[in-house]
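The next block holds one structure in the form of structure tokens; read it before the comments.
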Amino acid sequence: MTTHHTQHHAARHAEARHRAEQARQIALFRYRLVQEALDGDLSSRQRGVVVRAIAAQTHPGPAGRPVRVSRKTLDRWIRAWRAGGFEALLPAARRPDPRSDPAALALAVALKKENPARTAVQIRQIMLTRGGGLAVPHERTLQRHFRRIDLDLDLDPAATGRVLSRFETAKPNDMWIGDALHAIRIGPAGRKTILFCFLDDHSRAVMGGRFGFAEDVVRMAGVLRTALQTRGIPGRLYLDNGSPFIDSWLLKGCADLGIKLIHSTPYRPEGRGKVERFFRVVREQFLVEFSGHHPRRVADLAELNRLFAAWVESVYHCRPHGETGQAPIVRWNSGMPTPLPIPEADRLSEAFKWEETRTVDKTCLISAFGNYYQVDPALRRRRVQIIFDPFHLEEIEVRHDGKSYGTAKVFTLSRHAHPKAKPEQPGQSPPQATGLDYLGLLDEARTRHLAASIDYAALLPSDHHDDHTGDHDGQVA
């Protein structure tokens, strides 16, 4: 193959990757707008009020500019999500070789950007009046083209404020609040630990919590996934604007599970008081044991998480809360149905898998993160989607045009986890401090209780063991 052809193929592949990412960002934008209207508890009239309110607001579009969306378009997106989930929100694939004159489409786009209020009919008329020898597309063709590149939305430079939700939700699992706390340093190297935690807004019970060494979306999603598997699916997630909480992978998982994702307004932390208060309690009643003249020594993350779980379940969950007057776990249990509606394992696993695009070479191999996989010969030289768990690269699913081609066969495996899913390396065990070990007593009591009742550790998902992440032992969920 000549250098020219090689460059041409590389350019086409780069363009295909760019189009796929654009489509994904547009689908995420669409879900972000309609997620509030997807609430199954809303009546038709209430949903109409919500949709009209969304249509009346200005939103940051996928391209970064402020946009407004008509109610008709919002209704179409809602119907699409109900029919096919997140995948149905992806814009239609663009024809690889459009029949319309590219120069004519470029002129139409320039006219639309010049004056966003212009309709496709008006733009077509302008182009016909201008002449110049261009083949002017039909107005429907222009409308589809504008929709593909997100120009079918009315622009409005005026941005409106956002009203936060009510002070307290009416029942458990209506909303979880998530945040991260920078905590103590452990191990010989004195590595800082980060506590990811999800708190139920109604009861203040801890839905999931675990310490790790990295403040990233992988650690956060590990905590969230276990919480969902043991506590059910919340209606909403109210999160900070830190990088782990704004990752598009998280939004995709929420879209698959039907969870409305809300982020607090920067520099306006109203509504986050509950989790901030909980973190203050963690510092004053748990982390305080690791400081002072005779601090409690901790060997590694596994021990720290085990002690934290013992403290949450034996102390925090059992004491009446100052605002509600009830013990958090009692208030949460009293409002939840029996048995607890837990999402299916396959559905949860699918929601938290990652997706990337690769090209199958002429030998039917694909390369991913330093590994090579053999795929179906029918996919030779085709663009495919690989679906995988970031902690388990030894098994990836291959899809093409929405059809699954099964699990790829490992050809060469040099990496077992995604580069972002770096394993936590526990430190060496330091000498134990002398004196009364308060947290150790809690841990022993919890161990005896578990041995006499049920092994909650068995509820942890099998694909999140310590040999991959090293920080899952003792997670609260």
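The values are calculated or read from the model by the stated rules, or taken from the named source; none is laboratory data. Note that the coordinates shown come from a computational prediction; the quantities given were computed from them, not determined experimentally. All Cβ positions, even for glycine, are placed from backbone atoms using ideal geometry, and neighbour counts span all protein chains on display.
Overview of values
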item	result
Residue 323 within 18 Å of residue 237 (Cα to Cα) and either assigned to a helix (DSSP H, G or I) or not hydrophobic (A, V, I, L, M, F, W, C) (or both)	no
Those strands (runs of 3 or more DSSP E) lying entirely in segment 337-392 with at least 1 residues touching a residue at least 60 places away in the same chain (Cβ under 8 Å) and in contact with a Phe, Trp or Tyr (Cβ under 7 Å, 6 or more places away or on another chain)	354-359
Residue in segment 199-207 that is in a loop (DSSP other than H, G, I, E, B), surrounded by fewer than 19 Cβ atoms within 10 Å (Cβ to Cβ) and either hydroxyl-bearing (Ser, Thr, Tyr) or touching a residue at least 40 places away in the same chain (Cβ under 8 Å) (or both) present	no
Candidates 219, 283, 277 - the one that is assigned to a helix (DSSP H, G or I), within 13 Å of the chain's Cα centre (by Cα), under 18 Å from residue 180 (Cα atoms) and among the basic types (Lys, Arg)	219
Any chance residue 169 is modelled with pLDDT under 80, β-branched (Val, Ile, Thr) and not in a helix (DSSP H, G or I)	no
Which listed residue, of 312, 298, is touching a residue at least 40 places away in the same chain (Cβ under 8 Å), closer than 18 Å to residue 204 by Cα and surrounded by 19 or more Cβ atoms within 10 Å (Cβ to Cβ)	312
